[in-house]
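Heads up, the thing below is written out as structure tokens.
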Amino acid sequence: MISVFPKTLIATRFLSRTRPRIHTPKLTAIRTMSSSTQRMFQLKLDPITGNSEWVVIEDNDDGDESFAHNFHQPLLATTSYLDMLNDSPRNTAFRQAIQKTITKPCHVLDIGAGTGLLSMMAARAMGDEGRVTACESYLPMVKLMKKVLRINGMEGRVKVINKRSDELEVGLDIPSRADALLIAGASKHVGMVLNCGLFGRDIKVSEILDSELLGEGLIPTLQHAHDNLLVENALTVPYRATTYGQLVESTFLWQLHDLHSIEATVSDGIQLTPPGLDSVLSVKRQQYAMHCNPIQEEIKLLSEPFKIFEFDFWKRPESSGETELCVKATNDGRIHAVVSWWVLQLDREGTIYYSTAPRWISSPTITSPVGWCDHWKQCVWFVPGSGISIFKGEEIHLHATHTETSISYNLDTQVPTSEILNHRCMTGDLQLVLPPERVAIYGDKGWRLSMLKAVQSMLQGRDHPLCLVADDSVFLPLLVAQLSEASHVMSLLPGLKERGLQYLQAAAHANGLSRNCIEVLEKRVKQLTMHDIHQKKVDLLIAEPFYVGHDGMLPWQNLRFWKDRTTLNDILSEDALIIPSKGILRACAISLPLGCMD
């Protein structure tokens, strides 16, 4: 059995991407310190302060020791990468396809080596004559892969190159063009080349697939590989990928994006999307990676699954494409979203498949993850507004387009994209793009009522209080200004800044308030002084807070308001009131299937 979990290796956290998400920038070698030492800089985020800093990663001969000294978080345990390595159906499907495809010594290229699991599968399939070259751009993962190879006795059969695949050069990094391609799907931080000898076909292995399929740069990677790294008619594993979709009705999904319609039912008197500014707060028009299985009961299926795009890995893909589909409704309802997924055909003959389809899609010939799967999810595309009404048997036309990195849709009765863009030009800098979870919170009547009651209670008996909103909330400044005209409301808006100021001025006017009733400081907490607040101490410090939407970050790792409140202690009045006043962390014991925590 191949082992990919060395027990002693310690490294930094992977900041993973599931849209919207935090990116670790491309790592580059800054300078060579000596013949055996190289320095790289990696951007690390402090989730408590919101600050980032560059840290040095040393590449030297005694790397394990310095590696463990510099980094204190397990490299895999805090990421979805470990979840992928524990996906036995995926691993089995790829192993079967690799064994079926690589039947003799060859030159194999693997982009996305990661821990080296697929490289070792390919090397084992070829026997002792195969040579494997692993191309991996992320230095901590390179160090991990080298240790995995050493533990499995394959260190001499795999040459590891710390580069991106588009930085590889034939004749310099690899001896010749590869004859075959393996693509497993993980992260663009990872890349690998399997060099399996001088005879026979060559194969490429990569891990560059995300939940949307294209978001991690699959198309540009394939284009560069076919242009520069592969022979003509190269073998590939997978052979192709196909995206599928399904029309659904779901109040839950609708509430994640249509704040204007939902606001019509709230009773606090605040309009975040008033007439004329109905789309000023919106989500980005893109596919969102989302676990659809847990919300299956919230979803009503309105069509059969339909094929959208097909991408053949064995030939050079086009940078863009489009297709027109005629989809027949299987139920009466309102189309709120398009749920999509992809299926990998791993072998040329079409006998081995792997799918990210939701649980309600089943096939005896297609392998899907068993139980919880966090490395690949389904994707959701929100139909703008309150959706499209449709009746059983009725047909609707769906226009799908793809770029190098994304897939988008338009239904025949939707507002054309050009009109949406024109409307955004009219609203100008007022346009604020929010994550779906935050839109849902702003539309949550219960949450808004709780905030209303809390602020009302704390304003009672206070004359001309100074209220400071410490985060990027656009709801709380308007709420305080409406509840107490005598209040002096100040908002930091550290992220939204000028755009947030322009929005609050317009929204205040639309809500019958003075445009200047809210003073925006556009500063971070640690920069705030008594001069900024006109030498008057703060009577009411409030924040939403907002903890949702941070993949790879546990809730208690984002207690930024806690630190902000401490930082601001010197400018708070003695009887200052704080909202939220405290946080309660609750936990429960759970039972996990064997292997989930290996």
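The values are calculated or read from the model by the stated rules, or taken from the named source; none is laboratory data. From a predicted model like this one, the values you see are computed outputs, not experimental measurements. When we count neighbours, we look across all protein chains shown, and the Cβ atoms used for this are built from the backbone with ideal geometry, even at glycine. Only protein heavy atoms, including side chains, enter the accessible area calculation; ligands, DNA and RNA are left aside. Shrake-Rupley method; radii C 1.70, N 1.55, O 1.52, S 1.80 Å.
Looking across Gly269, Gly276, one residue alone is touching a helix residue (DSSP H, G or I) at 6+ places or on another chain (Cβ under 9 Å), closer than 20 Å to Asp444 by Cβ and of a type outside the set (Val, Ile, Thr). It is Gly269.
Hey, among the residues in region 471-489 that are among the aliphatic types (A, V, I, L, M) and closer than 19 Å to Gln271 by Cα, which one's surrounded by the fewest Cβ atoms within 10 Å (Cβ to Cβ)?
Initially, region 471-489 is screened for residues among the aliphatic types (A, V, I, L, M), giving 474, 476, 478-481, 483, 486, 489.
When the remaining residues are screened for being closer than 19 Å to Gln271 by Cα, the result is 474, 476, 478-481, 483, 489.
Values: Val474: 25, Leu476: 22, Leu478: 26, Leu479: 23, Val480: 27, Ala481: 22, Leu483: 17, Val489: 26.
Here the residue is Leu483.
Listed by position, the strands (runs of 3 or more DSSP E) enclosed by region 103-172 that each have at least 2 residues that are in contact with a Lys or Arg (Cβ under 6 Å, 6 or more places away or on another chain) and crowded, with 22+ Cβ neighbours inside 10 Å are 131-135.
Selection of strands (runs of 3 or more DSSP E) fully inside region 187-253 by the criterion of at least 1 residues being open to solvent by less than 20 Å² (accessible area, probe 1.4 Å), at pLDDT 90 or above and closer than 12 Å to Arg316 by Cα returns 230-237.
Here's the yes/no breakdown for (1) among the polar types (S, T, N, Q); (2) surrounded by fewer than 17 Cβ atoms within 10 Å (Cβ to Cβ); (3) within 22 Å of Thr401 (Cα to Cα):
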{"residue": "Gly276", "(1), (2), (3)": "no, yes, no"}
{"residue": "Ile308", "(1), (2), (3)": "no, no, yes"}
{"residue": "Lys315", "(1), (2), (3)": "no, yes, yes"}
{"residue": "Ser340", "(1), (2), (3)": "yes, no, yes"}
{"residue": "Val343", "(1), (2), (3)": "no, no, yes"}
{"residue": "Pro358", "(1), (2), (3)": "no, no, no"}
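Of everything in region 85-102 that is open to solvent by 40 Å² or more (accessible area, probe 1.4 Å) and either in a loop (DSSP other than H, G, I, E, B) or among the small types (Gly, Ala, Ser) (or both), the residue that is modelled with the lowest pLDDT is Asn86. With respect to the conditions (1) among the charged types (D, E, K, R); (2) part of a loop (DSSP other than H, G, I, E, B); (3) farther than 20 Å from Ser408 by Cα, Glu297 falls short on a single one, namely (2). Mind listing whichever residues of region 268-302 are farther than 19 Å from Asn511 by Cα and among the charged types (D, E, K, R)? Lys284, Arg285, Glu297, Glu298, Lys300 - these are the residues of region 268-302 that are farther than 19 Å from Asn511 by Cα and among the charged types (D, E, K, R).
Could you tell me whether Lys526 is charged (D, E, K, R) and not in a loop (DSSP other than H, G, I, E, B)? When the stated conditions are applied, Lys526 passes them. For His534, indicate whether it is on the phi > 0 side of the Ramachandran plot and either open to solvent by 20 Å² or more (accessible area, probe 1.4 Å) or of a type outside the set (Gly, Ala, Ser) (or both). So His534 passes the test.
Residues that are in a strand (DSSP E or B) and closer than 23 Å to Leu230 by Cβ within region 307-346 comprise Phe309, Glu310, Phe311, Asp312, Gly321, Trp342, Leu344, Gln345, listed in sequence order.
Here Ser267 fits the description: open to solvent by 10 Å² or more (accessible area, probe 1.4 Å) and polar (S, T, N, Q).
Quick grid of which residues meet (1) open to solvent by less than 60 Å² (accessible area, probe 1.4 Å); (2) touching a helix residue (DSSP H, G or I) at 6+ places or on another chain (Cβ under 8 Å); (3) under 28 Å from Asp575 (Cα atoms):
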| position | (1), (2), (3) |
| --- | --- |
| Tyr503 | yes, yes, no |
| His509 | no, no, no |
| Ile518 | yes, yes, yes |
| Leu521 | yes, no, yes |
| Arg524 | no, no, yes |
| Leu528 | yes, yes, yes |
| Asp539 | yes, no, yes |
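Between Leu45, Leu82, Leu117, the distinction of being within 20 Å of Asn152 (Cα to Cα), of a type in the set (A, V, I, L, M) and modelled with pLDDT under 80 belongs to Leu82 only. Residues in region 347-366 that are part of a loop (DSSP other than H, G, I, E, B) and closer than 17 Å to Gln99 by Cα: 6 in all.
Among the residues of region 481-506, which ones are in a helix (DSSP H, G or I) and more than 34 Å from the chain's Cα centre (by Cα)? Spell out how you get there, then give the answer.
Step one: of region 481-506, the residues in a helix (DSSP H, G or I) are 481-483, 497-506.
Passing the criteria: Ala481, Gln482, Leu483.
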